[in-house]
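K.L.:
Here you go, one structure.
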Amino acid sequence: MLGTDFRTGSPNWLDLGSPDTDAAVAFYSSVFGWQFASAGPEAGGYGFFQVAGKTVAALGPLTEAGAKSAWMIHFNSPDVRATAESVRSGGGRVRMEPMDVMGEGWLAQFTDPQGAEFACWQPGKTAGLELTSAPNSFVWAELHVPDPVAAVRFYGGVFGWRYAEMQAPGMTYRVLSIADGDQEDGSFGGVAEQGEGAGGASAMVPRWVPYFAVADTDATVTAIEGNGGEVLMPAADVPEVGRIAWASDPAGAVFALLKPDPRM
């Protein structure tokens, strides 16, 4: 599961681009109990979702022409310029060139060769999220693409990630871990073939999907529906993982829920 001891390739930031930030604040506050703190007038509407004063995600208005509301997972990079070159050499695309974000760190945005968007954050004054793997916070990062083997090859070249294959009924799931340290302890996410498992038709779009830990998946699903969101996959038990569900917010941003199996 995710931690906040960020090393190369660790997911270290998560933000939502929304066409209506006020509506997004209302939705996620109702569903997860998050509070919103503005980053100030110079930040162009950007701000932070928090639990007990600790940042668990961020929110900002959409800035790219034609962009759709989506969650963006960021991965730790000690040098975003070098990461950008690795993305290019691996067949990916640099959507936004590395830029300094007011001294807080360096940001770059990319698209992998199969069309899934992701970003990198090089820490400055801000290292990354302040709370993960706790109730109502980011707990798992999952990639859905047509060719998982090509995906692990690409990201392995960019971040040095390792993976381990797990067999499940009708599918092979690849658990990702960072290059540094014990493979199991360093696991943070996985890769599934596009269309497999959770998400239904929404899983047919190449994308990274953030999972949020919850105390009660079914109750959270009810809150999502009651606040204008859509359930894409009803709550279901996954052996040795926990109880999961997929959903989208009222603007269409896809995310998932996980009540972890207490035995794991």
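K.L.:
Just the ratio, please: alpha-carbon radius of gyration of region 86-231 over 2.2 N^0.38 Å, N its number of residues.
P.N.:
In units of the globular-protein estimate, region 86-231 measures up at 1.13.
K.L.:
Something else: Compare the peptides 99-112, 247-260 by average per-residue count of other Cβ atoms within 10 angstrom and give them in order, highest first.
P.N.:
Averaged packing, sorted descending, gives the order 247-260, 99-112.
K.L.:
I need the semi-axes of the equivalent ellipsoid of region 79-141: take the C-alpha gyration tensor, multiply each eigenvalue by 5, square-root it, list largest first in whole angstrom. Please list the in-between numbers first.
P.N.:
Values: eigenvalues 105, 59, 13 Å².
Equivalent ellipsoid semi-axes, largest first: 23, 17, 8 Å.
K.L.:
7 Å from Cα along Cα→Cβ at both Ser38 and Thr172: what's the point-to-point distance in nm?
P.N.:
5.2 nm
K.L.:
Post the alpha-carbon centroid distance, region 1-71 to region 226-261, in whole angstrom.
P.N.:
Distance between centres, Cα-based: 18 Å.
K.L.:
A follow-up question, please. Need one number for region 157-264: average projected area of the convex hull over its C-alpha atoms, nm².
P.N.:
Approximately 7.6 nm², given one-decimal rounding.
K.L.:
Would you kindly calculate the mean projected area, averaged across all directions, of the convex hull enclosing the Cα atoms of region 1-65, in square nanometres? The partial results should precede the final answer.
P.N.:
Values: hull surface 23.1 nm².
For region 1-65, averaging the hull's shadow over all directions gives 5.8 nm².
K.L.:
Check the straight Cα-Cα distances from Lys54 and name the lysines below 25 Å, setting aside those fewer than 8 residues away within the same chain.
P.N.:
Lys125, Lys259
K.L.:
Further question on the same structure: What percent of all Cα-Cα pairs in region 51-103 falls in each 5 Å bin, counting up from 0?
P.N.:
Reading the bins upward from 0: 4, 12, 19, 23, 22, 14, 4, 2, 0.
K.L.:
Return the distance in nm (one decimal) between the two label points of a simple spin-label model at Thr126 and Val149, each offset 7 Å from Cα along Cα→Cβ.
P.N.:
So the label points at Thr126 and Val149 sit 4.0 nm apart.
K.L.:
Please give the FRET efficiency for Asp182 paired with Asp22, using the beta carbon to beta carbon distance and R0 = 41 Å, rounded to the nearest 0.05.
P.N.:
It comes out at approximately 0.40.
K.L.:
Here is a follow-up. Just to check I understand the Karplus step: with θ = phi - 60° and J = 6.51 cos²θ - 1.76 cosθ + 1.60, what whole-Hz values come out for region 38-53, glycine and proline as x?
P.N.:
My calculation for region 38-53 gives 5, 7, x, x, 6, 8, x, x, 6, x, 10, 7, 9, 10, 6, x Hz in order.
K.L.:
Using only Cα positions of the chain, each an equal point scatterer, no hydration layer, compute I(q)/I(0) via Debye at q = 0.14 Å⁻¹ and quote the log10 values to two decimals.
P.N.:
-0.95
K.L.:
Still on this structure: Based on the Cβ-Cβ distance of Asp218 and Ala67, what FRET efficiency does E = 1/(1 + (r/R0)^6) give at R0 = 22 Å, to the nearest 0.05?
P.N.:
0.10
K.L.:
At 1.306 mPa s and 10 °C, plugging the Kirkwood radius over alpha-carbon pairs of region 37-150 into Stokes-Einstein gives what diffusion coefficient in µm²/s?
P.N.:
Once the numbers are plugged in, D ends up at 103 µm²/s.
No value in this document is a laboratory result; all are computed from the given coordinates. Only a predicted model underlies this, so the values are computations on that prediction, with no experimental measurement involved. Note: ideal-geometry Cβ built from the backbone for every residue, glycine included; neighbour counts use all protein chains shown.
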